[in-house]
Every structure is written in structure tokens, then in C-alpha cells.
Amino acid sequence: DTGVSQNPRHKITKRGQNVTFRCDPISEHNRLYWYRQTLGQGPEFLTYFQNEAQLEKSRLLSDRFSAERPKGSFSTLEIQRTEQGDSAMYLCASSLQEGLRRTQYFGPGTRLLVL
Amino acid sequence: GEDVEQSLFLSVREGDSSVINCTYTDSSSTYLYWYKQEPGAGLQLLTYIFSNMDMKQDQRLTVLLNKKDKHLSLRIADTQTGDSAIYFCAETPPGGTYKYIFGTGTRLKVLA
């Protein structure tokens, strides 16, 4: 399978717990992105990496959120002290720079429910 | 602001054409994209258009771009029940950012 993969696909947790999601991008892609999608809305940008460097973070990414891409391949997104408002679909995407075009390919997402 | 606007719902009969509209925010956006999302799934890339083009056709899909009005549309010919999904447009604003800004999505329902 050469697409973007995400694990787990679903996560149910209690408020206050920490959760970690993993994203494996398409192998030759140097950029990796995280988005959050709440019900009835379009995806909202959280952060992106070029190789292992985190180059942009949204104001949506509070200090309870941290993302890493330690070797420039897979990435993890951790949410500490989860709140009910964190319930959403977390989408990962990857891209390869080709001139001005940087088409993002998305994974299936991780759906988080905080009780 | 950064609001990419789409109408919320569209209902068509199988075999008819569907037209999904999008108004984006930045006339300097270089590429504009259309994605499809089925229930509980991620986003599937459908097509994209570069800002120096007015139209792009890809099998049953036709994208029209009006830069002056910042209006983008996606036409699906011979719409099938399998086309029922949510469709998102996305823009890539200039200025060194690589993020996409997505619209709110249009839910397309195809009636048999």
C-alpha cells in the first residue's frame, strides 16, 4: 500500500487522558501535514513538517498539542489532558514539492471521541 | 478573513449533471483543489487547477475558474449514486505557507 496511513482509526478516551496518533506518509514525500475536522466543517490546518523540521503551526495548536517527525518519515500527534472539545477527526496528509504544485494526499483519519 | 464558501447541499437525479460552487478568498492563490469525502473516510483528491487556467476537464469532471470573481466550480457529468459524498474545495494562499484552506463542504445527494 503506497498511500498515507494513520493509526489508530478510532480512539475513545476519557477527559484528562493523553492520546497519541501516528501518521505514515507516502514514502518519498518530504512534507507532512496535520489537520483537524469537526462535524459539518472542512478540515482546519494544525501544523506541517518539511522533513523533520516543524515549519508552521496554527493558532489552533494549543500547548496541549505536540507534533513530531523525528526522522523525517512518520509523525506523531499527541494531545495531553484531552478535553471534550478535542473530539474530531484528525487527518494527516503528505506532499512532494513539484514546482509550485504541492498536492496533498490524505490518510483515512483518526476519529477521536473524548467522553 | 480566511473563509472559503460553499453551498451546503445539492441534490440531483442520477444521470443529470451536478455543479458545485466555491468562492475562495485570495486571488493570488496558485492552485485550487477539489476533494471528495465519503462518510467516515479521509479526503480523496479529485482534480486541481492552476490559476493561469480557466478550465480543466478530466473525464466526467470539469473545473471552471473565474479569477476576477474568485469563483471555482466543479461539474460532474452523468452523476451516479456513487458520487454521493461531501465535496471540498481548497485553496493554497501565497506567501510561503503550504497549508490548504478548505471550504465548508457541499453534501451531494444523488437520487436514483
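None of the figures in this text is laboratory data; all of them are computed from the coordinates on show. Keep in mind that this is a model prediction, so the values were computed, not measured. As a convention, Cβ positions derive from the backbone with ideal geometry for all residues, glycine included, and neighbour counts pool all protein chains shown.
Numbers at a glance
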read-out: Antiparallel DSSP beta bridges within the protein assembly as shown, percent to nearest 5; value: 90
read-out: ³J(HN,Hα) computed for each position of region B:77-94 - Karplus, 6.51 cos²θ - 1.76 cosθ + 1.60, integer Hz, glycine/proline x; value: 7, 6, 4, 10, 4, x, 7, 4, 4, 9, 10, 10, 9, 9, 10, 10, x, x
read-out: Gyration tensor (alpha-carbon) shape descriptor, region B:64-112, a/c threshold 1.5; value: prolate
read-out: Rounded, prolate or oblate (a/c below 1.5 giving rounded, otherwise prolate when a/b exceeds b/c) for chain A by Cα gyration tensor; value: prolate
read-out: For chain A, built as a Gaussian network whose Cα springs stay under 10 Å, the top-fluctuating residue of A:LEU61, A:LEU96, A:LEU39; value: A:LEU39
read-out: Region B:6-22 - phi-based ³J(HN,Hα) in whole Hz, Karplus 6.51/-1.76/1.60, Gly and Pro as x; value: 9, 6, 7, 9, 8, 10, 9, 8, 3, x, 7, 8, 10, 10, 10, 10, 8
read-out: Net charge over other residues, Cβ less than 9 angstrom from the Cβ of A:TYR35 (K, R count +1; D, E count -1); value: +1
read-out: 3J(HN,Hα) from dihedral phi, region A:8-14, Karplus parametrisation 6.51/-1.76/1.60, rounded to Hz, x for glycine, proline; value: x, 7, 9, 9, 10, 9, 8
